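The values are calculated or read from the model by the stated rules, or taken from the named source; none is laboratory data. Being a predicted model, the structure only gives us computed values, none of them experimental. Here the Cβ positions follow ideal geometry from the backbone for every residue, glycine too, while neighbour counts run over all protein chains shown. In case anyone asks, the SASA skips ligands and DNA or RNA and just uses the protein heavy atoms, side chains included. Shrake-Rupley method; radii C 1.70, N 1.55, O 1.52, S 1.80 Å.
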Amino acid sequence: MGRKGVCCCCAALRPRYKRLVDNIFPEDPKDGLVKADMEKLTFYAVSAPEKLDRIGAYLAERLTRDVARHRYGYVLIAMEALDQLLMACHSQSIKPFVESFLHMVAKLLESGEPKLQVLGTNSFVKFANIEEDTPSYHRRYDFFVSRFSAMCHSRDPDPEIQNEIRIAGIRGIQGVVRKAVNDELRATIWEPQHMDKIVPSLLFNMQKIEDIDSRIGPPSSPTVGVKEENPSVLAENCFRELLGRATYGNMNNAVRPVFAHLDHHRLWDPNEFAVSCFKIIMYSIQAQYSHHVIQEILGHLDVRKRDSPRVRAGIIQVLLEAVAIAAKGSIGPTVLEVFNTLLKHLRISVDFELGDRRSSCESTTLSISSKESDERIVQNAIIQTIGFFGSNLPDYQRSEIMMFIMSKVPVLGTTSQSLDPSNLGDLGTRRIQIMLLRSLLMVTSGYKATTISNALPAPFLDPLLSPSLMEDSELRQLVLEILHNLIDRHDNRAKLRGIRIIPDVSDLKIKRDKISRQDVSFMKKHGQQLYRHIYLGCKEEDNVQKNFELLFTSLALTTIELANEEVVIDLIRLAIALQDIAIINEDNLPMFNRCGVMALVAAYLNFLSQMIAVPAFCQHVSKVIETRSVEAAYFLPETIFKDKSNLPKSLEKDETDLFFLTNKIAESLGGSGYNVERLSVPYVPQVTDEDRLSRRKSMVDTVSLQVDILSGCNIEDKVDNTEEITFEALKKAIDNNGLEEQEKEKRRLVIEKFQKAPFEEIAAQCETKANLLHDRLAQILELTIRPPPSPSGTMTMTAGHPHYHSVPVYEMKFPDLF
């Protein structure tokens, strides 16, 4: 009798491969695999690879029978033999053998015995590590994906067994991923039906980790012991490996199940796990695919736009973390899409907040304040995301984003593509203005432009300094802070913080460069806009200490970064005009505001005099400040902003010792080579087109002031001109806007004609105009060649002269050439 009760005659008649397979099984399974016979079987399989499929089929038959009879010892021996044969054979004929092997692994995974499930998983992992010479086009792993995913969710009552099965399931998924991804011709693993099982299974186990912060960085390399004992760490590493193997075409399929899992388990609020998941994703994927993840987050934010504020805030926080990582690498074409989507949700949040406020009549105060505070959380998260994203972009992209955000700010009288405030009312419009300006403030932080014209182009500066952004104290503060970010190119702002009389400016160690030609050109074009904004900003009744501090910083930074001799004179004119605001008080400002303006002028002229270092100018400024410290300390910033109770009842205009005098300043600067002729002309803010559309009263005031100080006019002229400012005059000024539109339309038609008209037509028209010009010039020359005028001031001609007429010479004008 042979081994296991088979007679020798029957054994001799059996095929050789069956006899070799039978011989590897001992009488007692506890003795384990018979190694000598296993070597014979391996040699036979290598020598006759065509027999591998039969060997595999016979082993599968025995294993199936042993599993059914619960003879697990022989099952272990059969799987060990299969593993050794797999490792030893790498020929073409191994493919049929693999099918038998996978069939046996499936049998083990289907059994309800945890040990057999772990055994089958271990064998599959060994198989996954084998590199096959040629791909298998017909092999699928659908069953293994489903089974391993189910094992990842094991609920066995025994914690140790549950942990063991979950680890086996994760290792099985890892094996499937490696086996399928390494085969470029087998992309089925990335299909949604597989990813919808694999990714949630990994995330389910990752939730169990206790130290969330340990997973937020780039991929780590835990020890083998930790990997085997902790399903969370193993699942995380498998998740990282899966994402690292994802390519352009299947990235979205790997990321979308993450959103489904977070939604199903309500993990957006609180969102610690969601944040850690997307940090892992962003660090694991290839950098050039980062924009895919950002697009998916934006898309999910659109899907959940009707959810609770805290859920939306959680998604936005995840977007912030993803953007923070992506901004260091490649963001791709999603830059404007990110900002556009965030601004859209900012508007939605404001709508929700105002809607809750309108319906507050029937609700308790507590619930309303809770809803509003939740929406504020969403809005703050959006602002932080916009600001952080923008501040991490390259300068060339950041300037575009600044323009984009500014175009969304609702500005009165403009036709920009701003967030439509028509349904929001004044409160909603103000909320959007403040939040967008706060976002813009964060974007401009740290921005260093080579020239000021790059930082403040006209399409950006005009809406930023719009009168409609001056109607609120907080708005004015934000505008000034944005200007500081863009003007301050040498980081001097921190040294100028707080309005004060600086004893020695040299102690501040101000950094500055020589004013460039481009900056000089900018001030010639746009300097009046900056002066005007500061001037009107000082006239606002709701100014607080911070407003005056920011105005002082604005004047100081303009002096440091943009001031040449001409700008210095303009700034002094502006300072004197501000002093006149407080003294004359045509706007009926409160006493605190008047004293605040006086303190602002004192602090700035003290700074300016030391910056230009003209001794006589410094002496005059110091003398006025010393006099104020004794007789009127409320005119100094150290007093007025600390003690508002000691305000004067009135300001006397004849107390010249307390004021900075134009003639004294002109004398001091004239002796140092400054051109002080313009100091005698009082500063008047220029009228802009927006003044005609603004709800503010500055336009009428400005027109009146301009008429009052017209140079070269006597008192009677001033009175006459002032009387001419009637309703009809103002109506005519407003109608000028229509004339300007007509001029723009004419220019557009001319440009369009030169772009589209045939060349021959344009050449003929130009030739006709040239001939006409020649004839007119000939007439002009004929008129100018005449005898000298008579003493009466008229030209003497005979009555027969063809051009005889009696006109004063100074009244002659060139005829219209066209």
Roll a 1.4 Å probe over the protein heavy atoms and report the accessible area of HIS490 in Å², nearest 10. 40
Kindly report, to the nearest 10 Å², the accessible surface of HIS484 as traced by a 1.4 Å probe over protein heavy atoms only. 0
Quick one: check the C-alpha center-to-center distance for the range 577-618 versus the range 515-553, whole angstrom. 14
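Hey, what did the range 451-518 get for relative contact order, percent, Cα under 8 Å, at least 6 apart?
Once divided by the residue count of the range 451-518, the mean separation gives 40 percent.
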In square angstrom, rounded to the nearest 10, how much accessible surface does GLU586 have for a 1.4 Å probe? 130
For every other residue with a beta carbon closer than 13 angstrom to the beta carbon of ASP507, add +1 if it is Lys or Arg and -1 if Asp or Glu, then tell me the sum. +2
Each label point is 7 Å from the Cα along the Cα-to-Cβ direction; what then is the distance between the points at ASN380 and ALA613, in nm? 4.8
Could you tell me which of rounded, prolate or oblate describes the range 540-693, using a ≥ b ≥ c as the square roots of the eigenvalues of the alpha-carbon gyration tensor, with rounded for a/c under 1.5 and, failing that, prolate when a/b is larger than b/c and oblate otherwise? oblate
Classify the range 21-60: rounded, prolate or oblate, from the alpha-carbon gyration tensor (a ≥ b ≥ c, eigenvalue square roots; a/c under 1.5 rounded; otherwise prolate if a/b is larger than b/c)? oblate
Could you order peptides 240-249, 433-442, 555-564, 167-176 by the average number of other Cβ atoms within 10 Å of their residues, highest first? 167-176, 433-442, 555-564, 240-249
I want to check the label-to-label distance for ARG266 and ARG14. Put each point 7 Å from Cα in the C-beta direction and report it in nm to one decimal. 6.2
Ordering LYS649, LYS107 by accessible area with a probe of 1.4 Å, largest first, what comes out? LYS649, LYS107
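For the range 536-681, what does the accessible surface come to per residue with a 1.4 Å probe? Please give it in Å².
Numbers: 5900 Å² over 146 residues.
Ligands and nucleic acids excluded, the result is 40 Å² per residue.
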Just grab the label-to-label distance for ASP654 and ASN340, each label 7 Å out from Cα along the Cβ direction, in nm (one decimal). 6.8
Put ARG517, ARG69, ARG376, ARG140 in order of accessible area, largest first, probe 1.4 Å, and you get ARG517, ARG69, ARG140, ARG376
For TYR531, TYR674, the accessible-area ranking with a 1.4 Å probe, largest leading, is TYR674, TYR531
